[in-house]
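Remarks on the structure that follows.
The values are calculated or read from the model by the stated rules, or taken from the named source; none is laboratory data. Small disclaimer: the values here were computed from a predicted structure and weren't measured. FYI the Cβ positions are ideal-geometry reconstructions off the backbone, even for glycines, and counts take in every protein chain you see.
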Amino acid sequence: MGSTASGKTGLAKMLSNIFNLSLYSTDDFVYKEKHNIKYSEEERNERLRLVLNQRKWIIEGVHSSPWFVQAFQKADLVIILCLSRRVLFKRVIVRNFQREKKFEGLFFLLRNAYVYRNDRFIKHKELARKFEKKVIILHSTREIKNFLSLPNQHQT
């Protein structure tokens, strides 16, 4: 879990490859078309249920709504990325221009990066308190690198 541009997709892909796990984004459960047409609540919940019934999976995303709590419950490990706004802003800007979007959506993404600590991170921390034995919160790229370099840190 984490903000826009926190590195959650990259980290999830890396862990997915290391542990041979199916990878999903929370957006896969919410949207039929990327950020356009939404699934109904019933479709969304059924799609999530099907994934959670699998033996091995990784889900990455920013969602913190009540429908997603069951993923926290079933997960063996939850990683929350909460990087500084400065890092997030830099990543949003660089990524936006690398994708040649120029200013398309830039302010929306910067706003999301800005409000994460005062909005969804608070909700993520509340969930983390409920499941604290299986939650890790990483605050910097150094902490992420240290987590990844731990020998035999998590066995599947």
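Could you check K90 against (1) of a type outside the set (S, T, Y); (2) over 30 Å from L52 (Cα atoms); (3) at pLDDT below 95 and say which number it fails? Result: K90 fails condition (3) only. Filtered by the rule that a residue be more than 18 Å from T141 (Cβ to Cβ), under 13 Å from the mean Cα position of the chain (by Cα) and aliphatic (A, V, I, L, M), region 1-30 gives a lone residue, L23. Applying the selection to region 52-77, what residues are surrounded by fewer than 19 Cβ atoms within 10 Å (Cβ to Cβ) and hydrophobic (A, V, I, L, M, F, W, C)? Matches in region 52-77: L52, W57, W67, V69, F72, A75, L77. For region 78-111, a tally of residues being exposed (fewer than 15 other Cβ atoms within 10 Å of the Cβ), farther than 14 Å from G2 by Cβ and among the polar types (S, T, N, Q) returns 1.
Checked against the criterion of being surrounded by fewer than 18 Cβ atoms within 10 Å (Cβ to Cβ), in contact with a strand residue (DSSP E or B) (Cβ under 7 Å, 6 or more places away or on another chain) and modelled with pLDDT under 90, the candidates F131, F147 yield just one match: F131.
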